[in-house]
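Take a look at the structure set out below.
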Amino acid sequence: MEKQLIYVLDRDGTIIYDKDYLSDPSKIEFIPGAIEALLMLQNNKIPWIIASNQAGIAKGIISMEDLNRVNDRFIYLLNEYGVDIPPIKYCPHDYNGHVPPYNINCDCRKPCIGLVTSVYSDISKYNFVTIGDRWSDIMLGHNLNGISCLVRTGYGINQEYEIIKMGIKAEYVCDDLLEAVMTTIDRT
């Protein structure tokens, strides 16, 4: 039986510009090509989810209400572009934070696989492609036994060299989400 292909996408710095702990829904701004990439996945009937670390909650920089308002606006905007909404999973935890109950170690903070297994419990049934702008997105791909792609948007432009120094290898490095989807969609 052939495994189903699933894309796991980061939000901030990959789909939308990273605004450092985005709390204002009016500041959502899509990275050029991101909507086209999401529509490409949709038109090819390839499921995708969003997996996003949101440590600002544990750090007290943003509230859960802020995050929910941003996600609601994000969903609304995607709907306006005709993009079907996938599961949006986020980790509010950070053991360095000071806001209980979020200041803990957890199994959902990327690169751990908890955000993905909350949707796809038996990861052995799927082929995953992770796309993001940080080392944790690349390691998530490795932890899922999948393919990882670093995008040079967001922190990706700086993370590329850090990832190499850490000994982590992304299968692909692309300028943005659209290039990443176009590069990986037929190679998985």
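The values are calculated or read from the model by the stated rules, or taken from the named source; none is laboratory data. For clarity, every value in this text was computed on a predicted model and none was experimentally measured. Please note: Cβ atoms are built from the backbone with ideal geometry, for glycine as well, and neighbour counts cover all protein chains shown.
A compact table of results
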| quantity | calculated |
| --- | --- |
| The listed residue being assigned to a loop (DSSP other than H, G, I, E, B), touching a Phe, Trp or Tyr at 6+ places or on another chain (Cβ under 9 Å) and touching a residue at least 60 places away in the same chain (Cβ under 8 Å), out of ILE62, ILE46 | ILE46 |
| Identity of the residue in the range 21-35, in contact with a helix residue (DSSP H, G or I) (Cβ under 7 Å, 6 or more places away or on another chain) and not in a loop (DSSP other than H, G, I, E, B), that ends up farthest from ARG11 (Cα to Cα) | PRO25 |
| Members of the range 120-143 found to be within 19 Å of PRO86 (Cβ to Cβ) and over 14 Å from the mean Cα position of the chain (by Cα), listed by number | TYR120, SER121, ASP122, ILE123, LYS125, TYR126, ASN127 |
| Among the residues listed as LYS59, LYS45, the single one being surrounded by fewer than 20 Cβ atoms within 10 Å (Cβ to Cβ) and touching an Asp or Glu at 6+ places or on another chain (Cβ under 7 Å) | LYS59 |
| Every residue from the range 50-77 that is of a type in the set (A, V, I, L, M, F, W, C) and touching a helix residue (DSSP H, G or I) at 6+ places or on another chain (Cβ under 7 Å) | ALA51, ILE57, VAL70 |
| Residue within the range 67-75 that is modelled with pLDDT of 95 or more, closer than 12 Å to PRO92 by Cβ and surrounded by fewer than 16 Cβ atoms within 10 Å (Cβ to Cβ) present | yes |
| Among the residues listed as ASP84, ASP107, the single one being modelled with pLDDT under 95 and among the charged types (D, E, K, R) | ASP84 |
| Search result, residues across the range 29-38 that are under 16 Å from the mean Cα position of the chain (by Cα) and either in contact (Cβ under 8 Å) with a residue 24 or more places away in the chain or within 18 Å of PRO87 (Cβ to Cβ) (or both) | PHE30, ILE31, GLY33, ALA34, ILE35, ALA37, LEU38 |
| Scan of the range 1-17 for residues that are modelled with pLDDT under 95 and part of a loop (DSSP other than H, G, I, E, B), ordered by number | MET1, GLU2, LYS3 |
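Matching residues to (1) over 18 Å from VAL181 (Cβ atoms); (2) polar (S, T, N, Q); (3) crowded, with 18+ Cβ neighbours inside 10 Å:
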{"site": "VAL119", "(1), (2), (3)": "yes, no, no"}
{"site": "SER124", "(1), (2), (3)": "yes, yes, no"}
{"site": "GLY141", "(1), (2), (3)": "no, no, yes"}
{"site": "LEU144", "(1), (2), (3)": "no, no, yes"}
{"site": "LEU150", "(1), (2), (3)": "no, no, yes"}
{"site": "THR153", "(1), (2), (3)": "no, yes, yes"}
{"site": "TYR161", "(1), (2), (3)": "yes, no, no"}
